[in-house]
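The values are calculated or read from the model by the stated rules, or taken from the named source; none is laboratory data. Predicted model only: the values in this text are computed from it and were never measured. Please note: Cβ atoms are built from the backbone with ideal geometry, for glycine as well, and neighbour counts cover all protein chains shown. Areas reflect the complete protein model, heavy atoms only, side chains present, ligands, DNA and RNA absent. Shrake-Rupley method; radii C 1.70, N 1.55, O 1.52, S 1.80 Å.
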Amino acid sequence: MDKIIPVVTLKNVEERTKVLTALKNNGINNAEICFRTECAEEAIRLAVKEFPDMNIGAGTVINGEQCQKAIAAGAKFIVSPGLSEEVATICKEKGLDYFPGCVTPTEIMKALELGITVVKFFPANVYGGLKAMKALAAPFPQIKFIPTGGIDSSNIDEYLAWEKIYAVGGSSFVKEALSK
């Protein structure tokens, strides 16, 4: 997986082509399409077909029903704002990466119990950013992070320089790609 995972929230299914083309033109081959809009399932289904070389996933997946729909649409990975055991189980059965939101030691311990070693750290800017992740990494050296929330071109290098960063995410990468 590339080191940048743009968080894509689509108002309508037609937006997908413009957004994904802009990301590709900026060398970004991942997209986390948020499952919080009515068009998300169809947008993922079409995006996977139209952009077969991109790593298209589903974000904001909060329950098993959404997870099943996202996987059926062709999502290649699943992201949640928190940790769902139901979603973790489905993803494990289907062989898909699942990146749950975890910002406390208890949440990270639960993720580890479920066999998850890469977690979303959201919202990073609210929960202490790199300083907090470095503190959490001490007792959990096997964990890698995908911080989202407050990550953009102004601070991406600082995050990516740390070896415990699996990738960074955020909607700012979509805005930046569309503005170029």
- Query: A138: out of contact with any Gly (no Cβ under 6 Å at 6 or more places or on another chain) and more than 25 Å from N26 (Cβ to Cβ), yes or no?
  - Reply: yes
- Which members of the stretch 130-164 meet the condition of being assigned to a helix (DSSP H, G or I) and of a type in the set (F, W, Y)? Y159
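Residue check: is A124 assigned to a helix (DSSP H, G or I) and without any contact (Cβ under 8 Å) to a residue 40 or more places away in the chain?
Here the answer is no, as A124 does not meet what is asked.
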- Task: Filter the stretch 46-79 down to residues that are outside any helix (DSSP H, G or I) and aliphatic (A, V, I, L, M) and give me whichever is surrounded by the fewest Cβ atoms within 10 Å (Cβ to Cβ).
- Result: I62
- Message: For the stretch 130-150: of the residues being in contact with a helix residue (DSSP H, G or I) (Cβ under 8 Å, 6 or more places away or on another chain) and either of a type in the set (G, A, S) or open to solvent by less than 40 Å² (accessible area, probe 1.4 Å) (or both), which is farthest from C102 (Cα to Cα)?
- Response: G150
- Query: What are the residues in the stretch 165-180 that are under 21 Å from A22 (Cα atoms) and either among the aliphatic types (A, V, I, L, M) or in a loop (DSSP other than H, G, I, E, B) (or both), if any?
  - Reply: A167, V168, S171, V174, A177, L178, K180
- How about the stretch 80-94: which of its residues are under 18 Å from A40 (Cα atoms) and either open to solvent by less than 10 Å² (accessible area, probe 1.4 Å) or among the β-branched types (V, I, T) (or both)? S80, V87
- So which residues in the stretch 95-121 are out of contact with any Cys (no Cβ under 9 Å at 6 or more places or on another chain), in a loop (DSSP other than H, G, I, E, B) and open to solvent by less than 30 Å² (accessible area, probe 1.4 Å)? P100, C102, V103
- Message: Any residue that is touching a residue at least 60 places away in the same chain (Cβ under 8 Å) and touching a helix residue (DSSP H, G or I) at 6+ places or on another chain (Cβ under 6 Å) - is there at least one of those in the stretch 151-171?
- Response: yes
